[in-house]
Amino acid sequence: MIKGLYIHIPFCEIKCPYCDFTSFVWNEDSLKEKYVSTLKKELSLYQNLDFELETVYFGGGTPSSLSPDLLVDTIQFIKENTKTKKELEITVEVNPKTYRYKDFKILKDAGVNRISIGNQSFIEKNLISLGRNHKPKDTLQTVEDCLNAGITNINLDLIYGIQGQTLDDLEEDLKIYTSLPITHISAYMLTPYEGTPLGTLVKNGCYNLPDEETTLKMFELIDSFLEEKGFERYELSNWAKEGYECKHNLFYWTDIEFLGIGVSSWSYVNNVRFGNTKNIQEYLNLVEKSIKPVKFKEELDQEKKIEEKIFLSLRLKSGLDLNLIKNKDIIKELVEEGYATVKNEKLTLLPKGIMVLNEITVKLVLS
């Protein structure tokens, strides 16, 4: 049963140097209109699946690079061609410089009830370092316009581990974030992915990331500061006010089936993970011929599902069921060395453990 639908919108005004998602700088309306038409056609290729949608998520790229009317058109098509729950969580990611009150009002009237704003920081030097094209005032205006339009479930993204960023800088950011009437904060450590401009700069010694000890202190500051302000961490990078956890993202981490449409999107259906082509022209051509644009596929056997369960559960504050861990000595070792804690038969990573999540996952899988 498909409970979540992800729609990838690959268009952006600029390409951020740290971004490794499939996105393109493109401003021609004709291609955007064709792309939305193709999205609807691709969804029609999955009419054989059982849908009972609880969430729809427009990610990117920058979904707000489309006119709100194009998003509304897509939402209406989804509602008319799939089975959806009455209480449908619909999220749209936006850049702070794009939508304003009238745009959010159009989205609200179409059923959008959650907005995720790509803010990253309220400190000018951080925004410049990240190659962002907005100012702190743009985000403040976006939050105000969302609220005035009646959309009160708002997430703000935060990036930490930026060149030159201090703990005082981060605390200043956190004070501004928590002073706003928002419900959710996603905090991501800046990562120099291979193939990105940032990755090249770091590799060549032209961009200096904080050391591991400083990064750990930053995470600990974020975690403690936000929890004091009523934001509980429920996943490695996500904090929410009570009742405002992102239901769509929780599907990814809790073995719930979801479908992804659009260039480079991923799906999980019937124990199979599959991903679309990253080439936008190939995507458009294949769907035009009524061919599913799937280029990557992996069927998960029981062993693979357990491995994924271990990795995904370790990301969650709710923790990993101890019954999935064969070597109990590893549990004792992780607890004694301050990487994890055990409560109610669940292993939960502490900040120190979160920083080495991949290494711990490998150790548990191979145990």
Which ones in the range 165-224 are surrounded by 13 or more Cβ atoms within 10 Å (Cβ to Cβ) and of a type in the set (D, E, K, R)? 169, 171, 172, 173, 217, 220, 223
So which pairs qualify, if the first residue must be in the range 263-279 and outside the structural domain of residue 53 (by the TED database), the second must be of a type in the set (Lys, Arg) and open to solvent by 20 Å² or more (accessible area, probe 1.4 Å), the Cβ gap must be under 6 Å, and the two must be at least 6 apart or on different chains? 264/278; 274/297; 277/295
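Taking residue 57, is it assigned by the TED database to the domain that holds residue 77, closer than 17 Å to residue 258 by Cβ, in contact with a Leu (Cβ under 9 Å, 6 or more places away or on another chain) and open to solvent by 10 Å² or more (accessible area, probe 1.4 Å)?
Working: assigned by the TED database to the domain that holds residue 77: yes; closer than 17 Å to residue 258 by Cβ: yes; in contact with a Leu (Cβ under 9 Å, 6 or more places away or on another chain): yes; open to solvent by 10 Å² or more (accessible area, probe 1.4 Å): yes.
When the stated conditions are applied, residue 57 passes them.
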Under the condition of being in contact (Cβ under 8 Å) with a residue 24 or more places away in the chain and open to solvent by 60 Å² or more (accessible area, probe 1.4 Å), which residue from the range 225-244 is farthest from the chain's Cα centre (by Cα)? 229
Residue ID - nearest to residue 219 (Cα to Cα), chosen from residues in the range 135-150 that are crowded, with 20+ Cβ neighbours inside 10 Å and touching a helix residue (DSSP H, G or I) at 6+ places or on another chain (Cβ under 7 Å): 146
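Regarding residue 64, is this residue in contact with a strand residue (DSSP E or B) (Cβ under 7 Å, 6 or more places away or on another chain), more than 24 Å from residue 30 (Cα to Cα), in the same structural domain as residue 238 (by the TED database) and without any contact (Cβ under 8 Å) to a residue 60 or more places away in the chain? Let's see the steps before the verdict.
On the way: in contact with a strand residue (DSSP E or B) (Cβ under 7 Å, 6 or more places away or on another chain): yes; more than 24 Å from residue 30 (Cα to Cα): no; in the same structural domain as residue 238 (by the TED database): yes; without any contact (Cβ under 8 Å) to a residue 60 or more places away in the chain: yes.
So residue 64 fails the test.
Taking the range 152-164 as the region of interest, how many residues are more than 15 Å from residue 188 (Cα to Cα) and surrounded by fewer than 20 Cβ atoms within 10 Å (Cβ to Cβ)?
2
Every residue, every condition in (1) under 30 Å from residue 222 (Cβ atoms); (2) open to solvent by less than 80 Å² (accessible area, probe 1.4 Å), yes or no:
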site	(1), (2)
258	yes, yes
262	no, yes
285	no, yes
296	no, no
326	no, no
329	no, no
339	yes, yes
344	yes, no
360	yes, yes
If I filter the range 17-44 down to residues being touching a residue at least 40 places away in the same chain (Cβ under 8 Å) and buried (at least 20 other Cβ atoms within 10 Å of the Cβ), which single residue comes out as farthest from residue 269 (Cα to Cα)? 18
Any residue at all in the range 323-334 that's within 23 Å of residue 213 (Cα to Cα), touching a strand residue (DSSP E or B) at 6+ places or on another chain (Cβ under 6 Å), outside the structural domain of residue 188 (by the TED database) and not in a helix (DSSP H, G or I)? no
May I ask you to say which residue of 105, 83 is touching a strand residue (DSSP E or B) at 6+ places or on another chain (Cβ under 9 Å), modelled with pLDDT of 95 or more and open to solvent by 30 Å² or more (accessible area, probe 1.4 Å)? 83
Kindly indicate which of 180, 174 is under 20 Å from the mean Cα position of the chain (by Cα) and over 18 Å from residue 22 (Cα atoms). 174
Out of all the residues in the range 119-134, which are within 20 Å of residue 197 (Cβ to Cβ), open to solvent by 10 Å² or more (accessible area, probe 1.4 Å) and of a type outside the set (A, V, I, L, M, F, W, C)? 120, 125, 129, 131, 132, 133
The range 106-130, residues that are of a type in the set (Lys, Arg) and in contact (Cβ under 8 Å) with a residue 60 or more places away in the chain: 114
Among all residue pairs at least 6 apart or on different chains, which show Cβ distances below 7 Å where the first residue, located in the range 161-183, is in a loop (DSSP other than H, G, I, E, B) and the second is of a type in the set (D, E, K, R) and open to solvent by 50 Å² or more (accessible area, probe 1.4 Å)? 164/125; 183/241
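I need the helices (runs of 4 or more DSSP H) fully contained in the range 185-278, keeping only those with at least 1 residues that are among the hydroxyl-bearing types (Ser, Thr, Tyr), over 30 Å from residue 296 (Cα atoms) and at pLDDT 95 or above. Before you say what the answer is, go through the steps one by one.
Values: elements: 197-203, 212-228, 247-253.
Counting at least 1 such residues, we get 212-228.
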Looking across the range 335-367 at residues that are without any contact (Cβ under 8 Å) to a residue 40 or more places away in the chain and assigned to a helix (DSSP H, G or I), the single one that is farthest from residue 191 (Cα to Cα) is 336
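The values are calculated or read from the model by the stated rules, or taken from the named source; none is laboratory data. In this text the structure is predicted, and so the values were computed from the model without any measurement. Glycine gets a Cβ as well: all are built from the backbone with ideal geometry, and neighbour counts include every protein chain shown. Accessible surface areas use protein heavy atoms only, side chains included; no ligands, DNA or RNA. Shrake-Rupley method; radii C 1.70, N 1.55, O 1.52, S 1.80 Å.
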